[in-house]
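S.K.: Handing you this structure, nothing more for now.
The values are calculated or read from the model by the stated rules, or taken from the named source; none is laboratory data. What you see is a predicted model, and the numbers here were worked out from it, not measured in a lab. Quick reminder, even Gly has a Cβ in these numbers, built from the backbone with ideal geometry, and neighbours come from all protein chains shown. We work out accessible area using only protein heavy atoms, side chains counted, and drop any ligands, DNA or RNA first. Shrake-Rupley method; radii C 1.70, N 1.55, O 1.52, S 1.80 Å.
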Amino acid sequence: MRKIVFKTKIYEINSWKIARFPKEASDKLPSRGMVMVKCTINNLQFETTLEPDGLGSHWFRVSDSLSKEAKISVGDTISLEVESTNNWIEPEIPTDLKKELEENKIQKTWNSITTKSRWEWIRWIRFTKNPETRKKRIESACSMLKEGKKRPCCFNYSICTLTQVSKNGKLIELK
């Protein structure tokens, strides 16, 4: 895939710094769902996961370390060079899910599915603010993994699943 080059602003939502892709740039990506990319900002290269915004585009979180290294702040307009990659970054397993995988003795099964599938399970589990719903999803995930299911069923992969910056699967309006 060719590099996608565009400009965007650094926004803040609930103390998270984010870079949102213009729809025209996002349209050039291979998926409306999560995408792994290689990026360049101010000659700084890094790999990251793009989260769908639930509105037909993508965004990524600008960590404090990236902000510092690239010398970028909220409100800055940045130039981005982006290229999708098939190298999926290993997701951080939430503590509650990790505990259930261990208690159900299915860590080996978890490790046998693809990294992309692990991301899909985590995205499905985290797409709720309700602790009881999350607990039920973790229990269901463990049950389905025991049955040999590789990924969650009937899940809209183009929604934003990070409830800290989204509402009803859509990125909160940027200001």
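S.K.: Taking 0.36 nm per residue of separation and subtracting the Cα-Cα distance, what length does fully extending Glu24 through Ile78 add?
M.R.: Full extension from Glu24 to Ile78 adds 17.8 nm.
S.K.: If you place +1 on the Cβ of every Lys and Arg, -1 on the Cβ of every Asp and Glu, and leave all else neutral, what size is the dipole of segment 1-154 about its Cα centre, to the nearest 20 Debye? Let's see the in-between values first.
M.R.: On the way: 30 positive and 21 negative charges, 70 e Å.
With only Lys, Arg, Asp and Glu charged at Cβ, the dipole is about 340 debye.
S.K.: OK, next. Could you tell me the accessible area of Thr163 in Å² (1.4 Å probe, neighbours in place), rounded to the nearest ten?
M.R.: Taking all protein chains as shown, Thr163 has close to 30 Å².
S.K.: Given a cut-off of 30 Å, name the pairs among Lys17/Lys108; Lys38/Lys68; Lys28/Lys170; Lys116/Lys146 whose C-alpha atoms lie farther apart than that in the structure shown.
M.R.: Lys17/Lys108
S.K.: Provide the per-residue ³J(HN,Hα) series for segment 39-45, in order, calculated from phi with Karplus coefficients 6.51, -1.76, 1.60 and θ = phi - 60°, each as a whole number of Hz, with x at glycine and proline positions.
M.R.: Values, residue by residue: 10, 9, 10, 6, 6, 9, 9 Hz.
S.K.: What whole-number distance in Å separates the alpha-carbon centres of segment 78-137 and segment 161-175?
M.R.: Taking the Cα centre of segment 161-175 as reference, the centre of segment 78-137 is 19 Å away.
S.K.: Please build a GNM for the chain, connecting alpha carbons under 10 Å apart, and tell me which residue among Gly75, Gly33, Gly56 fluctuates the most.
M.R.: Highest fluctuation among the options: Gly75.
S.K.: Using only alpha-carbon positions, what ratio does the radius of gyration of segment 1-99 give when scaled by 2.2 N^0.38 Å? Before the final figure, lay out the partial values.
M.R.: Working: Rg = 13.6 Å, N = 99, 2.2 N^0.38 = 12.6 Å.
Normalised by 2.2 N^0.38 Å, the Cα Rg of segment 1-99 equals 1.08.
S.K.: Where in the chain is the longest stretch that carries no GluC sites (Glu not before Pro) classed as loop by DSSP and with at most 11 other Cβ atoms within 10 Å?
M.R.: The answer is 1-91.
S.K.: Can I ask one more? Need the list of lysines near Lys135 for cross-linking: C-alpha distance under 16 angstrom, and skip anything on the same chain fewer than eight residues off.
M.R.: Lys98, Lys99
S.K.: Sticking with the crude label model, points 7 Å out along Cα→Cβ, report the distance from Glu132 to Gln45 in nm, one decimal please.
M.R.: Calculated label separation equals 5.1 nm.
S.K.: Can you give the Rg and Dmax of segment 72-138 based on its C-alpha atoms, in angstrom?
M.R.: 16.2, 48
S.K.: On the full set of protein chains, 1.4 Å probe, figure out the accessible area of Lys146 and give it in Å² to the nearest 10.
M.R.: Accessible area, nearest 10 Å²: 120 Å².
S.K.: Taking the alpha carbon gyration tensor of the chain, what are the square roots of 5 times its eigenvalues, largest first, to the nearest whole Å?
M.R.: Numbers: eigenvalues 181, 59, 44 Å².
Semi-axis lengths for the chain are 30, 17, 15 Å.
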